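Scroll down for the structure; my scribbles are underneath it.
The values are calculated or read from the model by the stated rules, or taken from the named source; none is laboratory data. Here the structure is a predicted model, which means the values were calculated and not measured. Every residue, glycine among them, receives a Cβ derived from its backbone with ideal geometry; neighbour counts consider all protein chains shown. Each accessible area value is taken on the protein alone, full model and side chains, heavy atoms only, with ligands, DNA and RNA left out. Shrake-Rupley method; radii C 1.70, N 1.55, O 1.52, S 1.80 Å.
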Amino acid sequence: MFAVLLNAVLGGSDALYDGIGLVSGCVVLAGVAVNRPRAWPAWIGVGGSLLLFACGDMAYGSGAPSPSFADGLYLAGDLGLIVSITSLVVFAGGRDLGSHLDACLLALIAGVCGWTLFASDAMSEGTVAARAVSLAYPVCDLVLLALLLRLVFVRGERTRSYWLLLGAVVTLFVSDGGYVLPFVSSSYQAGGWLDAGWLTSYVLFGAAALHPSMRRLVRLGTERGPSLPIRRAFLLGAGLIAVPSAIVLQRLTGSTANELGDDVALMVVAAVVVVRGGFLVRDLERLRRKVEESERRFRLVFERAPIGISIGRDGVMSETNPALQRMLGYSGSEFARMHYTEVTHPDDQDVKQQIELDAGHRDAFAIDKRYRHKDGSFIDAHIHVVLDLEDGLGISLVEDVTRRRELEDQLRQAQKMDSIGKLAGGIAHDFNNLMTAVIGYSDLLLQHNDPGPDARAKVDAIRDSAIRASDLTRQLLAFSRRQILQTREIDLRQVVTRMDTLLKRLIGEDVRLETLVGSEPVIVRADQTQLEQVVMNLAVNARDAMPDGGTLTVAVISDGDTAVLSVVDNGIGMDDQTRERIFEPFFTTKSLAESSGLGLSTVHGIVGQSGGTISVDSELGRGTAFTIRLPAARSVLLPAEPALATLVD
């Protein structure tokens, strides 16, 4: 810029003027070598065009008449710039036809306004060739301006090199337009404002090439500000206002008006604006339908998704889908007034991932947490949270995994019980073999020898201990489901009713026994002795749970293809930790002297080996209910009552 000022101070120096032109072309080529842009052929074309301009300056300085060889060089440089900048625009993402039309329309409006204000009555002098050359300069500049304005309609951030190029083209357009006007060119002075405009254009072209942003004129996807449809509508509206305003201004200033030309220009611009407006409305309508379709699809997914979805800002659950409302029991309007912490378990509110997301250190996370239902209960959930850090909009996907967790716990418990059962079964077999030998030798000692009273008592004690150990192995085998069952079809009601007297003696006088059976047979295929063992073990367990007395209810019902045996007491009950472990072998809440811890594990093994299931429902202070479900026999094969003999028989 110092050289431009120096040229003005010197009153125009041909050597300085020509030097600036040549240097600017070389600077552009140097910028290509330094920055190595992908669109390097286009930038080389820009540098070559500037060198053509510089050659035109030297030819013009030789005093050749106009139009002359210098004009040819200038126009060749303009064409080179048009081709080069077209390549830069295409490389920067300018391929949309509608945006090309918008840019051409803006350039047309600028040209029409310039024509109306300055040139409508000034192009009647000179030869046809001179007037054609005079028009060619601003027309080429308008094409360049339209190409660069095209990038205004690319969604992204325009770089510094883009604005430098736009400035260079604008100053070139102003100087070329001023030069071709007779009332300006007749008073042209070397070193004046026209020369300053051309030289400034040289400098801006060189600066655009030297800046590192010349690698890409537009950074895609980083734009802030009004959307493209709004920008287009604003510019088209400004175009409709600009042309009539230029005509009014022309007539107010008393300039000689070419009314026919003005009217034609106004009609052309108005027609182009209307046509482009129609295309824009069509695009907006297409966009509206696309948005409606997107909204319909989103609503379909949002409202019918099987998992809960919450959308909102600042942690407020502004919009929730029906699945989340069913999951937690709140309505959509209730959720809209709630912060997510209000439905989060107190122990899960300060998780690390949530704190980092609230602080803006992450934009997504997935975690397991618990939510509070409206009735006060808690559910297990797996959530995915995504946050738009710029907009602040957050989306949470909530999946209820309570049932899945229960099944996983059941699977782990079954695997643990199976492992323990295999171990217990293996030990029981070996231990039973050892006890068989002990009992056998004890019997031999008692049969073939006549031990004294003390020795006999000791042998009897050994034998009794071995027998109790054998009973223990049978319980272990029952738990491990390896004992051999003598199965047959039996009426489950008879199993219970026949044990009535035994159970009363077993549970004591402080506990009242109630036996509930129906009138229809409840037939199952099982080992009767083992089922009696199940009822007896459950009864003993219930008796121990009612130290101060109570009621024991044993019921048998038929539930379709399932026979149901329930044993219910109103004793002290169990907490959750105890209930989870009651079927583990050797687990007991009593002392080791009172219980071996195999009673309920034996029940579990017998029921499982019989093809059934057992469940327990218990709370502290509210008693315990064991429910056994066995598959009902498909056909009743019980022996019929013998028919009475007749004379025929």
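Below are the figures for this structure:
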read-out: Matching residues in region 527-552 - criterion: being aliphatic (A, V, I, L, M), over 17 Å from Met574 (Cβ atoms) and crowded, with 20+ Cβ neighbours inside 10 Å; value: Leu531, Val534, Val535
read-out: The lone exception for Val556 - which of (1) touching a Lys or Arg at 6+ places or on another chain (Cβ under 6 Å); (2) without any contact (Cβ under 8 Å) to a residue 60 or more places away in the chain; (3) crowded, with 18+ Cβ neighbours inside 10 Å it fails; value: (2)
read-out: Filter result for Leu620 (open to solvent by 30 Å² or more (accessible area, probe 1.4 Å) and at pLDDT below 85); value: no
read-out: Hits in region 521-549 - residues which are assigned to a strand (DSSP E or B) and on the phi > 0 side of the Ramachandran plot; value: none
read-out: Which numbered condition Gly312 fails, given (1) closer than 25 Å to Ser377 by Cβ; (2) part of a helix (DSSP H, G or I); (3) among the small types (Gly, Ala, Ser); value: (2)
read-out: Qualifying position, being over 50 Å from the mean Cα position of the chain (by Cα), modelled with pLDDT of 85 or more and β-branched (Val, Ile, Thr), among Thr200, Thr159; value: Thr200
read-out: Among (1) free of Cβ contacts under 8 Å to residues at least 40 places away in the same chain; (2) surrounded by 11 or more Cβ atoms within 10 Å (Cβ to Cβ); (3) over 14 Å from Ser396 (Cβ atoms) - the single one Gly329 does not satisfy; value: (1)
read-out: Search result, residues across region 573-598 that are surrounded by 19 or more Cβ atoms within 10 Å (Cβ to Cβ) and modelled with pLDDT of 85 or more; value: Met574
read-out: From the options Val139, Val143, Val174, residue that is farther than 26 Å from Pro41 by Cβ, modelled with pLDDT of 75 or more and open to solvent by 50 Å² or more (accessible area, probe 1.4 Å); value: Val174
read-out: Close pairs from region 145-165: first in contact (Cβ under 8 Å) with a residue 40 or more places away in the chain and under 17 Å from Leu204 (Cα atoms), partner open to solvent by less than 20 Å² (accessible area, probe 1.4 Å) and assigned to a strand (DSSP E or B), Cβ under 8 Å, at least 6 apart; value: Arg158/Val218; Thr159/Val218; Tyr162/Val218
read-out: Qualifying residue in region 73-88 (condition: farther than 22 Å from Leu142 by Cβ and part of a helix (DSSP H, G or I)); value: no
read-out: Pairs, first over 10 Å from Val273 (Cβ atoms) and aliphatic (A, V, I, L, M) in region 100-111, second open to solvent by less than 40 Å² (accessible area, probe 1.4 Å) and not in a helix (DSSP H, G or I), C-beta under 9 Å, six or more apart; value: Ala103/Gly94
read-out: Residue under evaluation Arg370, criteria (1) of a type outside the set (A, V, I, L, M, F, W, C); (2) crowded, with 18+ Cβ neighbours inside 10 Å; (3) part of a strand (DSSP E or B), criterion not met; value: (2)
read-out: Subset of region 298-321 (residues that are open to solvent by 20 Å² or more (accessible area, probe 1.4 Å) and more than 20 Å from Asp391 (Cα to Cα)); value: Arg299, Leu300, Val301, Glu303, Arg304, Pro306, Ile307
read-out: Flag if Val218 is under 24 Å from Gly167 (Cα atoms), at pLDDT below 70 and open to solvent by less than 20 Å² (accessible area, probe 1.4 Å); value: no
read-out: Enumeration of residues in region 177-193 that are among the hydrophobic types (A, V, I, L, M, F, W, C) and either surrounded by 19 or more Cβ atoms within 10 Å (Cβ to Cβ) or modelled with pLDDT of 75 or more (or both); value: Val180
read-out: Leading residue by the ranking (surrounded by the most Cβ atoms within 10 Å (Cβ to Cβ)) among those in region 425-460 that are at pLDDT below 75 and under 30 Å from Gly605 (Cα atoms); value: Ala428
read-out: Single match in Leu324, Leu287 (criterion: part of a helix (DSSP H, G or I), touching a residue at least 40 places away in the same chain (Cβ under 8 Å), of a type in the set (A, V, I, L, M, F, W, C) and exposed (fewer than 15 other Cβ atoms within 10 Å of the Cβ)); value: Leu287
